[in-house]
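**Q** Before I ask anything, here is the structure I am working with.
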Amino acid sequence: MNSGGTYIRIWLFLGMVLLNSFTTLYSQETAPPTPKQLDSLYQYHRNSDIDSLPLSERLQNITWFLEGAKQWQVDSLTCKGLMMKTWLFGKQKQYDSAIAYTQQLYDLAKANRDTGYIKKALKKLGIYYKRNHQLKEAFQYYNENFKIARINNDSIGAGNNLLYMANIQDMLGDYSGSKITAIEGLRFVEETSDLRCIGGLFHIISVSNLEQKKYKEAFTYNEKAVNLGKDSVLIQQIEAINILIFKNTRGLILAEQGYYKESISIFKSLLTNPTLQQNKMEYARVLANLGYVQWLQDSKNVKSESLLLEALRMREIENDVRGLIASNIHLTKYYLDKDTTKALQHAEAAYHNAKKRNSQKAILEALGFVFQLKEDVQQEAQMFHQIYLELQEINQSNREIYAVTRYENDKLTQQNTVLQTAKAKSQTWALGITAVLIVCIIGLGYYYYTQRIYKRRFLQLVSTRDSTTTTPKNNQNASSRDKWDQPRDVAAITGTATAI
């Protein structure tokens with residue numbers, strides 16, 4: 001009996017020891033970090049933000065930061081770390097890795113219903129997919145971000161997302177869709193102070209009209225964009241380089257209409273601008289446009305070729321794939337009637353860079369020249385057909401996605417209008433009822449006041465009447481008493497009266 005009790009006590013003791021051990025371990029895992037531990041952890045984050053350190057070292061520091069955040073199970077720190085890690089991968093142009101870690105950020109934010117980080121993650125996904133030349137996916141994420149901004153009544157956020165979407169549509173050659181999206185964006189931001197977004201929307205509408213050869217409309221919106229920078233303060237808000245880009249587009253609009261002299265004057269003026277000179281990619285763009293327009297003005301202009309080749313060289317140094325496509329297309333056109341061999345070389349270079357960038361629109365444009373300059377184009381023809389169908393499918397998909405979004409947006413707007421109307425009616429009724437109540441209260445107050453006055457006057461009249469009727473009765477009573485107390489001798493009275 002004693003032995004059984006001993007065994008029971010031993011097992012109970014061991015159980016308590018094991019339970020205490022598990023509890024201690026669990027509490028160690030979930031215990032919040034101390035201030036010292038937090039400061040040590042944040043040091044990794046600070047190190048990841050030091051520009052002078054190699055990117056590999058900065059990535060290692062943010063990885064250690066994320067490991068600490070995961071160990072202490074602090075989601076806010078994890079989100080902070082993922083924001084930095086995705087940015088560093090983006091800086092290294094490792095967009096696949098940036099997308100993968102941004103997806104982790106999005107999933108965590110969605111699980112926590114953290115709208116702030118959801119919006120940041122969606123924006124990052126749009127940016128990295130676009131930089132990775134996956135425009136269909138980029139459009140979808142910007143569209144999702146737009147819907148959240150719309151629901152939250154974030155006009156600036158909605159307008160900016162529509163600007164990104166319009167730019168993608170323009171890059172895909174859907175100029176009508178791009179204009180529709182950009183005009184919708186203006187509805188959200190035209191009354192705000194976000195001049196950079198407003199200018200961008202004006203610009204993309206202008207460019208889309210230019211591509212459709214609607215020069216009057218293109219110039220109108222270009223004028224709107226340029227005129228936003230009326231002074232240095234506004235130019236700073238829009239960014240000086242953007243104003244210069246708008247002016248470059250003006251030069252192209254004039255050139256397309258045959259106003260070569262005015263167009264060349266704009267390009268030459270831009271090339272002397274210090275801000276443009278510091279931006280090699282934009283400087284090369286203007287330089288290439290100048291050479292191309294000078295050739296349009298005079299096909300025998302000897303300076304055109306050197307300017308076009310110089311722009312090409314600068315773009316090769318900058319590894320500007322998009323710029324290389326444009327330069328090679330310009331040179332293809334330049335050599336088309338002069339040297340077909342060089343023309344074909346540049347057409348194929350444009351085609352190669354377009355495939356590298358996965359730009360369906362540029363691939364089709366480059367192949368159009370290849371067909372003119374090459375004899376056996378069976379392989380290229382198959383590629384053209386494939387890319388054409390792919391581009392049609394992407395543009396159709398984007399239009400359908402945004403059509404649904406516009407429907408939901410219009411429906412939400414109608415609901416808001418109905419709610420505002422109902423609210424206005426409720427407020428009108430409330431004001432009416434309040435006014436009636438106030439009138440009634442004033443009327444009742446006035447009624448009681450007048451009744452009080454009437455009562456007071458009535459009491460005063462009664463009091464006056466009482467005092468008036470009381471005095472004569474007293475005199476009459478006195479006379480009666482005198483009469484009955486005096487002798488009834490008439491003569492005596494008469495005599496007395498006569499005596500008096």
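The values are calculated or read from the model by the stated rules, or taken from the named source; none is laboratory data. Please read all numbers here as calculations on a predicted model, not as lab measurements. Positions of Cβ are generated from backbone atoms using ideal geometry, with glycine treated the same way; all protein chains shown enter the neighbour counts. Only protein heavy atoms, including side chains, enter the accessible area calculation; ligands, DNA and RNA are left aside. Shrake-Rupley method; radii C 1.70, N 1.55, O 1.52, S 1.80 Å.
**Q** Measure off 7 Å from each Cα along the Cα-to-Cβ vector at Glu316 and Gln392, then give the distance between these two points in nanometres to one decimal.
**A** Result: 3.8 nm between the two label points.
**Q** Under a 1.4 angstrom probe, counting protein chains only, how are Ile180, Ile62, Ile127 ranked by accessible area, largest first? Present the calculation step by step, with values, prior to reporting the outcome.
**A** Numbers: Ile180 80, Ile62 0, Ile127 50 Å².
Largest accessible area first, the list is Ile180, Ile127, Ile62.
**Q** I would also like to ask the following. Rg and Dmax of segment 144-206, using alpha carbons, in Å: what are they?
**A** Cα radius of gyration and Dmax of segment 144-206 are 10.7, 31 Å respectively.
**Q** Cα convex hull of segment 82-125: mean projected area in nm², to one decimal? Don't jump to the answer; show the numbers that get you there.
**A** Working: hull surface 9.8 nm².
It is 2.5 nm².
**Q** Looking at the P(r) of segment 50-91, how many percent of alpha-carbon pairs lie beyond 17 Å? Mind showing how you got there, number by number?
**A** Working: 226 of 861 pairs.
Beyond 17 Å sits 26 percent of the P(r) for segment 50-91.
**Q** So, counting K/R as plus one and D/E as minus one, what does the shell of residues with Cβ under 14 Å around Phe371 add up to?
**A** Values: positive: Lys374; negative: Glu348, Glu365, Glu375, Asp376, Glu380.
Local charge sum for Phe371: -4.
**Q** Oh, and also: Please list the radius of gyration and Dmax for segment 24-103, considering alpha-carbon atoms only, with Å as the unit.
**A** In order Rg, Dmax, the Cα atoms of segment 24-103 give 13.5, 45 Å.
**Q** Could you order Phe146, Phe371 by accessible surface area, starting with the largest, using a probe radius of 1.4 Å?
**A** Order by accessible area, largest first: Phe371, Phe146.
**Q** Need the full-extension length gain, Gln92 to Ser193, defined as separation in residues times 0.36 nm minus the C-alpha distance. One decimal, nm. Each step should come with its number before you reach the end.
**A** Details: separation 101, 0.36 × 101 = 36.36 nm, distance 3.32 nm.
Between Gln92 and Ser193, full extension yields 33.0 nm more.
**Q** Continuing with the same structure: Give the carbon-plus-sulfur fraction of the accessible surface of segment 59-181 in %, rounded to a whole number; probe 1.4 Å, heavy atoms of protein chains only. Show your work: numbers first, answer last.
**A** Details: 2460 of 5250 Å².
The nonpolar share, carbon plus sulfur, comes to 47 percent.
**Q** On the full set of protein chains, 1.4 Å probe, figure out the accessible area of Val233 and give it in Å² to the nearest 10.
**A** The value for Val233 is about 90 Å².
**Q** Modelled label-to-label distance, His352 and His385, 7 Å Cα→beta-carbon offset: nm?
**A** With each label point 7 Å from Cα toward Cβ, the separation is 2.7 nm.
**Q** I want to check the label-to-label distance for Thr341 and Thr272. Put each point 7 Å from Cα in the C-beta direction and report it in nm to one decimal.
**A** Each label point is offset 7 Å from its Cα along the Cβ direction, giving 4.1 nm.
**Q** Apply the Karplus curve 6.51 cos²θ - 1.76 cosθ + 1.60, θ = phi - 60°, to the phi angles in segment 205-218 and return the couplings in whole Hz, x for Gly and Pro.
**A** Each residue of segment 205-218 in turn: 5, 4, 5, 4, 5, 4, 5, 8, 6, 9, 5, 4, 5, 4 Hz.
**Q** Based only on the alpha carbon positions, what is the Kirkwood hydrodynamic radius of segment 171-258, in angstrom? If you can, show how the numbers build up before the last one.
**A** Numbers: mean 1/r = 0.0770 Å⁻¹.
With all distinct Cα pairs of segment 171-258 included, I get 13.0 Å.
**Q** Give me the percent of accessible area attributable to carbon and sulfur for segment 262-352, probe 1.4 angstrom.
**A** Values: 2200 of 4520 Å².
Carbon plus sulfur share of accessible area: 49 percent.
**Q** Using 1/(1 + (r/R0)^6) with R0 = 30 angstrom and r between the beta carbons of Arg113 and Asp231, what's the FRET efficiency to the nearest 0.05?
**A** Working: r = 44 Å, r/R0 = 1.46.
Once the sixth-power term is evaluated, E becomes 0.10.
**Q** Quick check: convex hull over the Cα atoms of segment 267-421, volume per residue in Å³, rounded to an integer? Walk me through the intermediate numbers first.
**A** Numbers: hull volume 26.3 nm³, N = 155.
Convex hull of Cα atoms, per residue: 170 Å³.
**Q** For segment 310-350, which trypsin sites (Lys or Arg not before Pro) are in a loop by DSSP, counting at most 16 other Cβ atoms within 10 Å? Let's see the in-between values first.
**A** Details: sites: Arg313, Arg315, Arg322, Lys333, Lys338, Lys342; in loops: Lys338.
Counting only loop positions with at most 16 other Cβ atoms within 10 Å, the trypsin sites (Lys or Arg not before Pro) in segment 310-350 are Lys338.
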